[in-house]
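Novice: Got a structure for you, written out below as structure tokens; questions coming shortly.
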Amino acid sequence: MDYQKLIEKAKEARKLSYTPYSHFPVGAALLTKEGKVYVGANIENASYPLCMCAERNAIYQSYLDGVRKDDIAAIVIVADTPNPCSPCGACRQVISELMDENADVIMTNLNDDTLVVKVKDILPFAFSEEDLK
Ligand code: THU
């Protein structure tokens, strides 16, 4: 699947977000190497720290279906931002552990301004399982 198609799926997923507090809907779409897509959107809560980001929902959804890091080709993050929407720090930590370091992180917005970076480049000095030894 080409990335433009994946971006369209993330935009569709964005419409399913639950954002009564921030009014900032975000969509995500994860692509496996086999061509399967898992979408996510941000889901908020009156207890603000419980809000869950779009990209983490997409990644967790894929894991619950048996997908693992080596199976993942790319993830799209889209929001109505002036520049390509950047994943938050918490999501970078999750992406760094749960996606292959050579997978693509596709940041975009509603105008299709797009920036593609590798997982290994989004979080220098990430905390990892190595630190737990
Ligand atoms: N949000 C995401 O879904 N992904 C990000 O990487 C940035 C932030 C959500 C969280 C919250 O629901 C809203 O955007 C405003 O921060």
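The values are calculated or read from the model by the stated rules, or taken from the named source; none is laboratory data. Keep in mind that what you see is a predicted model, and the values were worked out from it rather than measured. Every residue, glycine among them, receives a Cβ derived from its backbone with ideal geometry; neighbour counts consider all protein chains shown.
Novice: When segment 1-50 is examined, which residues are found to be within 16 Å of the ligand (Cβ to nearest atom), assigned to a loop (DSSP other than H, G, I, E, B) and farther than 14 Å from ALA79 by Cβ?
Specialist: Listed by number, the residues that qualify are PRO20, TYR21, ASN45, ALA46, SER47.
Novice: Within segment 57-74, is there a residue that is near the ligand (Cβ under 9 Å from one of its atoms), within 26 Å of PHE127 (Cα to Cα) and either at pLDDT 95 or above or outside any strand (DSSP E or B) (or both)?
Specialist: Yes - at least one qualifying residue is present in segment 57-74.
Novice: Let me ask another. Within the set of pairs 6+ apart or on separate chains, which have a first residue in segment 44-67 that is in contact (Cβ under 8 Å) with a residue 12 or more places away in the chain, a second that is assigned to a helix (DSSP H, G or I) and more than 13 Å from the ligand (Cβ to nearest atom), and C-beta atoms under 6 Å apart?
Specialist: Matching pairs, first to second residue: ILE59/LEU98.
Novice: Looking only at segment 77-99, which residues are more than 8 Å from the ligand (Cβ to nearest atom), touching a strand residue (DSSP E or B) at 6+ places or on another chain (Cβ under 6 Å) and over 15 Å from ALA58 (Cα atoms)?
Specialist: Within segment 77-99, THR81, PRO84 meet the criteria.
For every residue, the table says whether it meets (1) within 28 Å of ASP131 (Cα to Cα); (2) surrounded by 15 or more Cβ atoms within 10 Å (Cβ to Cβ); (3) hydroxyl-bearing (Ser, Thr, Tyr); (4) out of contact with any helix residue (DSSP H, G or I) (no Cβ under 8 Å at 6 or more places or on another chain).
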position	(1), (2), (3), (4)
LYS33	no, no, no, no
TYR38	no, yes, yes, no
ASN42	no, yes, no, no
GLY66	yes, no, no, yes
ALA79	no, yes, no, no
ASN83	no, no, no, yes
ILE95	yes, yes, no, no
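Novice: Among (1) within 15 Å of the chain's Cα centre (by Cα); (2) in a loop (DSSP other than H, G, I, E, B), there is one condition ASN111 misses while meeting the rest; what is its number?
Specialist: Of everything listed in (1) within 15 Å of the chain's Cα centre (by Cα); (2) in a loop (DSSP other than H, G, I, E, B), ASN111 misses just condition (1).
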